[in-house]
Every structure is written in C-alpha cells, then in structure tokens.
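Okay, so here's the structure we're looking at.
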Amino acid sequence: VAEIKGGHDEGMDRVGQSIVVMGWVRTLRAQSSITFMEVNDGSCLSNMQCVMDSDIEGYDQVEAGSISTGASVWVQGEVVPSQGSKQKIELKVKKILLLGESDPSYPIQKKRVSREFLRTKAHLRPRTNTFGAVARVRNALAYATHKFFQENGFVWVSSPIITASDCEGAGEQFCVTTLIPSSVETTDTLLDSIPKTENGLIDWSQDFFGKPAFLTVSGQLNGETYATALSDIYTFGPTFRAENSNTSRHLAEFWMIEPELAFADLDDDMACATAYLQYVVRHILDNCKEDMDFFNTWIEKGIIDRLRNVAEKDFVQMTYTDAVELLLKAKKKFEFPVKWGCDLQSEHERYITEESFGGSPVIIRDYPKDIKAFYMRQNDDGKTVAAMDLLVPRVGELIGGSQREERLDYLEARLDDLKLNKDSYWWYLDLRRYGSVPHAGFGLGFERLVQFATGMENIRDAIPFPRSPGSAEF
Ligand code: 4AD
Ligand code: MG
C-alpha cells in the first residue's frame, strides 16, 4: 500500500492498473449495494479503501459475515480514482479471499483504547495506527543510525550481551546462571539445578562460565578495545539494567547506541553527539512524513516544528557548575534541593531544557567526579571529570558520554579509590599499557530517542515488548 500510495500524486499514476493487496481488515461497512472495506498492511498508516459490489468473486464470505475487523484478506482489483475526499485512489475489487477469520473477541476495535490497555495486548498493538507508526519510525531511526555512522567511517562492533564486568559500577546487573535442563521439571525446581556449595551458596566455579556472569549494562568497555585498534567504532545492541525504577523513562531491557571515537576529546564527542542527533531527526522528518504528521496531530502537538528546530539550531552547552548556579537562581521550588556535587534529578533536567532554553537540547559537561563512573577522564581541577550529558525536553537525559581516562596511573588510582577490583579490569587496563590514546564516546538510549522523536509519553510504548519491574510477559 505504501508503494502504491507513495507514488506520484498519492497513487493517481496507478489508476487503471490491476493490483493485489494483502492485509488486515480495519473496518467493514455495507451501504445499500456496495460494501466498503479498509485494509491495512502495515507498510504505511493509510488503509487501502476497497470497494465491493455484491457480484464479485468471494462476496459470499462478506455476506456470511466471515470477514470482520481483524481478519486477514487477499484482495485483487483495479486502482480507480476515489469518490471520497479522504484519499485520491481506491481499489475496485474483482476478487476477495478470506485468509484468516477474526474471532469476535478481537480486542483492537475501531474505538480508541488506552495505552495501558494496549500494553496488556502487546502482541496485537502493532495493528493500531499509533503502534504501527512508532514501529516504522523506530525502524527509520535505526536505519539512519547505521547510515550516519557508516557514512562517517565508523565500524559497527557487536559487544557481548553476557559479561563479567559492570561498566557503570552501579550494581544494577542481572545475573546469569545455568540451568541443567534434565533436572528441571517445574519452575519450583529451577533453583535446585544451580550448583551449590555445602553451605547452600551458588557454587560459581561449577557454573557454566566458572564465575559469576551478568547481562551487560553497556557495551562501552568492549567498544573501547575496538576503538583502540580500528579507530572510530560504534555498538548498537540490547543492554539490561535491574534498576527498580518504575518511571516513564526506564526499562529493564533497552537498546543502546555507543560510538567510541579514537584520538578524540570531549569536544569531539559533543560534536559527534550533536551531528548524530541532528542527522537522525532530519532523516525521519524527510522520510516518515505521514507518520510524523500523525504524531503531530494525535500524540504531541507541534512536535514537527520542535524537531525541525533541533535539526537546525546549535545546542546549548554549559558546565555542570553553571547549571547548578542556574538552578540555585531559579524561582521554582524543587523537591530535591540543589547544591554543587549533587546528581541532577529529572525535575532539574526538565527545568533546564524546558524552561531555561525554550526547548533546545542542552549539553552539560564537566560533572563532579564523585557522581560519575570510574572510567571518565579527570580534569585538571582534580574535582571534575570530562563527562557530558545531553538533555532534551520531556525525556531528560538522552545521552551520557565522556572522554575516557587514558592514563594508566590515574585509572588505577581511581579503581583503588572506588575499591573496585583491579584484577577484573586487567584487559581494560591493558589498553592503557599498550599504545594508549585519548578517546571519548557516548551512549544513547534508543527508546528515549524513539520517545523524543514520536512524542510517546511512556518509554514502554517505544519498544515492541517492554521489560520493567514485574513485567516480562510476551
Ligand atoms: O548514562 P549511561 O548510564 O551511560 C553509559 O552506560 C555509558 N557507558 C555510555 C557510554 O559512554 N558509552 O546510559 C546511557 C544512556 C542514557 O543517557 C539513557 O538515554 C539510556 O542510556 N538509559 C536508559 N534507557 C532506558 N532505560 C534505562 N533504564 C536506561 N538507563 C540508561
Ligand atoms: Mg547517565
């Protein structure tokens, strides 16, 4: 349908052609001697309006009531100019075949239903206008991501999903253990199959990897190994965090894009983040017009203008110290009081992006070292690190990045300060032993980008199958 309607003059160039459409019935309504049926195949938001006389082949199934909302159909006919005002063309049906009936209990009816309800129907929600559009824009953002990095000479690297290290050091990892299938009969006996020591603790030496293993929270450390060999690289894959935050911006499983730039400092990193974000935003404005118009009308009024601004204007940049100053001067009362050294809360981030700079993305840099991860490069003041966060309205932190500590002695001292086990980072430290170079990178939460680009309020509606505390259905 996208191919036909995307043609010249909304498909008028196809008038007279015989075509086949396969899809799912959205609506069916009979009007005296003609029946109108809207069919959607998911290729675009538009349905194909199919017009049927009662003498066409297969009409008996329409008459018998077997074709209803949700049913799948094969329809063949001729493209004709539409009598209606909603579309330029429609299909004058010659033959219809019912492929799969839809039970009357089909939950996706024409009336609007809540997003909460649709989360309980995650297997069927892609058949709605909203979730179809989100899926297509998500796909376009992924495509544009690869396009941007590939065009700029970055090599895509697959970082592992199972890992022994905690990149962010926040202890939010999911643990991976092995079940021995033959001994597993029911979920209750699952635990029995995990090897245990005499005192009942997990015996990791007997487990699959011979030591504790986790789902990765970030591909960065592995990414750095390739950046210090191939120069610029990026990862794009799933990451996992067991943070117990039931918010509209956190998932337990989310996709992250992590470029790592060799021979680069924090300024290069911020320039890359800006160019990347502007590129992908421009890509969807240029290539997803129908879906973006839909979001502009139904999901977030004015989103197209806001995104256009993001694509065209420079982003605001400021230091953490200046951001704290700005917040201290704010008339607004914050729930969490601000002082130098505190982590910025989402209320602070929102104030900065939404109220101080009129909706422009804001990059904040040079954070206190005590609130940031061990790998960030220490600034000369001894108090701050070369870190940056990119904040956008509504979503807050979209990107977190930094220049990496490339000096072996500084990095070892930092691991000691934080009482992290140097031995388990031996390979990461090796990168500083053998041909260390200044390098920098960032991580962008892909679902937060989808939220930002579509206006969807809840991150659980920006990924096909959301994982959050207490919810891993589907
Ligand atoms: O700021 P974070 O924790 O940074 C890192 O993981 C670095 N290793 C990235 C790097 O420098 N290569 O996470 C990066 C981004 C955040 O800015 C946010 O957009 C997203 O990942 N993010 C989440 N998205 C959804 N759900 C969660 N629970 C998220 N936690 C982080
Ligand atoms: Mg962060």
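The values are calculated or read from the model by the stated rules, or taken from the named source; none is laboratory data. Not measured: the values here are computed from a predicted model. Ideal geometry is used to build each Cβ from the backbone, glycine not excepted, and the neighbour counts take in all protein chains shown.
Screening the candidates Val362, Val385, Val324 for the property of being crowded, with 19+ Cβ neighbours inside 10 Å and out of contact with any Ser or Thr (no Cβ under 9 Å at 6 or more places or on another chain) yields one hit, Val324. Whether a residue is in contact with a strand residue (DSSP E or B) (Cβ under 9 Å, 6 or more places away or on another chain) and under 30 Å from Val137 (Cα atoms) was assessed, and Ser43 passes this test. Here Ser468 passes the criteria (1) within 10 Å of ligand 1 (Cβ to nearest atom); (2) touching a residue at least 60 places away in the same chain (Cβ under 8 Å); (3) in the same structural domain as Ala135 (by TED's automatic domain parsing) except the one numbered (3).
Give the residues of the stretch 83-104 that are hydroxyl-bearing (Ser, Thr, Tyr) and crowded, with 17+ Cβ neighbours inside 10 Å, sorted by residue number. Across the stretch 83-104, the qualifying residue is only Ser102.
Residues of the stretch 52-64 include none that is outside the structural domain of Ala135 (by TED's automatic domain parsing), under 27 Å from Val134 (Cα atoms) and assigned to a loop (DSSP other than H, G, I, E, B).
Pick from the stretch 374-389 the residues that are assigned to a strand (DSSP E or B), within 14 Å of ligand 2 (Cβ to nearest atom) and closer than 22 Å to Phe263 by Cβ: which of them is nearest to the chain's Cα centre (by Cα)? Before you say what the answer is, go through the steps one by one.
Within the stretch 374-389, the first condition is being assigned to a strand (DSSP E or B), and the residues that meet it are 376, 378, 384-389.
Cutting the leftovers down to within 14 Å of ligand 2 (Cβ to nearest atom) gives us 376, 385, 387-389.
Pick out the ones that are also closer than 22 Å to Phe263 by Cβ and you get 376, 385, 387-388.
On the way: Met376: 25, Val385: 28, Ala387: 23, Met388: 20 Å.
By that ranking, first place goes to Met388.
May I ask you to list pairs of residues, at least six apart or on different chains, whose Cβ atoms are under 8 Å apart, with the first in the stretch 246-257 being under 16 Å from Ala453 (Cβ atoms) and within 12 Å of ligand 2 (Cβ to nearest atom) and the second being at pLDDT below 95 and part of a strand (DSSP E or B)? Matching pairs, first to second residue: Arg249/Gly396. When the residues of the stretch 243-273 are filtered to those that are within 9 Å of ligand 1 (Cβ to nearest atom) and small (Gly, Ala, Ser), the one that is farthest from Tyr434 (Cα to Cα) is Ser245. For the stretch 451-469, the set of residues classified as outside any helix (DSSP H, G or I) and under 9 Å from the mean Cα position of the chain (by Cα) consists of Ala462, Ile463, listed by residue number.
Of all the listed residues (Pro337, Pro361), the sole one being of a type outside the set (Phe, Trp, Tyr) and modelled with pLDDT of 95 or more is Pro361.
Considering only the stretch 399-450, state which residues are under 29 Å from the mean Cα position of the chain (by Cα), away from ligand 2 (no atom under 16 Å from the Cβ) and in a helix (DSSP H, G or I). Before the answer, list the steps.
If we filter the stretch 399-450 for residues that are under 29 Å from the mean Cα position of the chain (by Cα), which is where we start, we get 399-405, 428, 439-450.
Within this subset, residues satisfying the condition of being away from ligand 2 (no atom under 16 Å from the Cβ) are 405, 428, 439, 450.
If the condition is that a residue be under 29 Å from the mean Cα position of the chain (by Cα), away from ligand 2 (no atom under 16 Å from the Cβ) and in a helix (DSSP H, G or I), then Tyr428, Val450 are the ones that fit.
Taken over the stretch 227-245, the criterion of being in contact with a His (Cβ under 8 Å, 6 or more places away or on another chain) and either among the basic types (Lys, Arg) or within 16 Å of ligand 2 (Cβ to nearest atom) (or both) is satisfied by Arg241, Glu243. When Val79, Val73 are checked against the criterion of being in a strand (DSSP E or B), within 20 Å of Arg125 (Cα to Cα) and touching a residue at least 12 places away in the same chain (Cβ under 8 Å), Val73 stands alone in meeting it. For first residues located in the stretch 5-22 and within 25 Å of Cys288 (Cβ to Cβ) and surrounded by 14 or more Cβ atoms within 10 Å (Cβ to Cβ), partners that are of a type in the set (Asp, Glu) and at pLDDT 95 or above and lie 6+ apart or on another chain with Cβ distances below 8 Å form the pairs Gly7/Asp13; Ile19/Glu78; Val21/Asp41; Met22/Asp41. Restricted to the stretch 370-396, and to residues there that are in contact with a Gly (Cβ under 8 Å, 6 or more places away or on another chain) and either outside the structural domain of Thr353 (by TED's automatic domain parsing) or acidic (Asp, Glu) (or both), the residue that is nearest to ligand 1 (Cβ to nearest atom) is Asp389.
Scan Arg365, Arg308, Arg394 and give me the residue that is out of contact with any strand residue (DSSP E or B) (no Cβ under 6 Å at 6 or more places or on another chain) and not in a loop (DSSP other than H, G, I, E, B). First the steps, then the outcome.
Working: Arg365 fails: out of contact with any strand residue (DSSP E or B) (no Cβ under 6 Å at 6 or more places or on another chain); Arg394 fails: not in a loop (DSSP other than H, G, I, E, B).
Matching residue, one of Arg365, Arg308, Arg394: Arg308.
Taking the stretch 385-414 as the range and being more than 11 Å from Tyr375 (Cα to Cα) and not aliphatic (A, V, I, L, M) as the test, the residues that pass are Asp389, Pro393, Arg394, Gly396, Glu397, Gly400, Asp409. The single condition among (1) of a type in the set (Val, Ile, Thr); (2) touching a residue at least 40 places away in the same chain (Cβ under 8 Å); (3) touching an Asp or Glu at 6+ places or on another chain (Cβ under 8 Å) that Val395 does not satisfy is (3).
Considering each residue of the stretch 23-51, count those that are in a strand (DSSP E or B), surrounded by fewer than 16 Cβ atoms within 10 Å (Cβ to Cβ) and of a type outside the set (D, E, K, R), and give that number. It would help to see each step written out before you state the result.
Taking the stretch 23-51 as the starting set, the residues that turn out to be in a strand (DSSP E or B) are 23-31, 34-40, 48-51.
If we keep only those that are surrounded by fewer than 16 Cβ atoms within 10 Å (Cβ to Cβ) too, we end up with 27, 29-31, 34, 36.
Restricting the remaining residues to those that are of a type outside the set (D, E, K, R) gives 27, 30-31, 34, 36.
The total comes to 5.
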